[in-house]
Structures are given as structure tokens and as C-alpha cells.
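The values are calculated or read from the model by the stated rules, or taken from the named source; none is laboratory data. No experiment lies behind these values; they were computed from the predicted model shown. Cβ placement follows ideal geometry from the backbone for every residue including glycine, while neighbour counts extend to all protein chains displayed.
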Amino acid sequence: MKQVISITLLLLFSITACHKEDTSVSEEFPEWLQAKITELVPDQNLCKITDVTIIEFKGEKYFHVYCGIWSCMYCQLFDKNGNRPAWESNVWNDFFANQKVLKTVPACR
């Protein structure tokens, strides 16, 4: 009986260890991003449907703020300094093909 319990506990530990959340992305938003979220989502009801996706592209980190009712995709994409990328269409195509989504988190916490 002790073996069955030990094996069960070992399996449960293994399963939970494999599903560990990626902690390499900081949970804290930069100050400029928090201010931008406050500006873009003044209605607290919209907070429930607004997310920030943290993206890596060509070694740089980008923040994509998106609310479920907005019709414009990637209009609120910012680099690590809070600037919107001014890319030509070929760079946008490269971005869409090669971006790495690091994490998507609620915009309002």
C-alpha cells in the first residue's frame, strides 16, 4: 500500500512539475505600459476583456494591448520603451511569421 501511495505522489509531483508556468517573463508591467492601459481602458468593465500579450521578435520584447471589442489588430503594439514600431510591410510580415508569444496576461490586475 505504501508503494502505491508513493508512486501516486511521485506521478502527481511529476505532472505538476511539467506544467509549471513560464516565470521568465516579469509579472510587472513597465510604468509607461500601466499608464497606457489606464488611458486605453478607462472603463473597468473593459478590463475584463483586455489582455497584454508579451512578444519576442528579433531578440526584442514587445507588448500588445488588445481589448475584445477593438477591431484593429496590433494597433496597440509597443516596444520595450513604449514606442509603436514604424515598420514597412515586409517587416510586419516577418513579425507575423516569426514572433514568439511569451505570455498573455490580463491587462488589469
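In region 31-47, what count of residues is obtained for those that are outside any helix (DSSP H, G or I) and touching a residue at least 12 places away in the same chain (Cβ under 8 Å)?
1
Considering only region 58-72, how many residues are in contact with a strand residue (DSSP E or B) (Cβ under 8 Å, 6 or more places away or on another chain) and closer than 17 Å to residue 104 by Cβ? Reasoning before the result, please.
Residues of region 58-72 in contact with a strand residue (DSSP E or B) (Cβ under 8 Å, 6 or more places away or on another chain): 60-68.
Next, only the ones that are closer than 17 Å to residue 104 by Cβ stay: 61-68.
Looking only at that region, the number is 8.
Only one of these is charged (D, E, K, R) and farther than 24 Å from residue 44 by Cβ: 61, 103. Name it. Please lay out each step first, then the result.
On the way: 103 fails: farther than 24 Å from residue 44 by Cβ.
Just one listed residue meets the conditions, 61.
Residue-by-condition table, conditions (1) at pLDDT below 90; (2) within 13 Å of the chain's Cα centre (by Cα):
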{"position": "44", "(1), (2)": "yes, no"}
{"position": "53", "(1), (2)": "no, yes"}
{"position": "63", "(1), (2)": "no, yes"}
{"position": "95", "(1), (2)": "no, no"}
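If you take the residues of region 17-42 that are under 14 Å from the mean Cα position of the chain (by Cα) and surrounded by fewer than 10 Cβ atoms within 10 Å (Cβ to Cβ), which of them is modelled with the highest pLDDT?
28
Which count do you get for residues in region 51-109 that are surrounded by fewer than 12 Cβ atoms within 10 Å (Cβ to Cβ), of a type in the set (A, V, I, L, M) and part of a helix (DSSP H, G or I)?
1
Test residue 8 against the stated conditions and say whether it is at pLDDT 95 or above and among the hydroxyl-bearing types (Ser, Thr, Tyr). Lay out the reasoning, then the answer.
Working: at pLDDT 95 or above: no; among the hydroxyl-bearing types (Ser, Thr, Tyr): yes.
So residue 8 does not fit the description; no.
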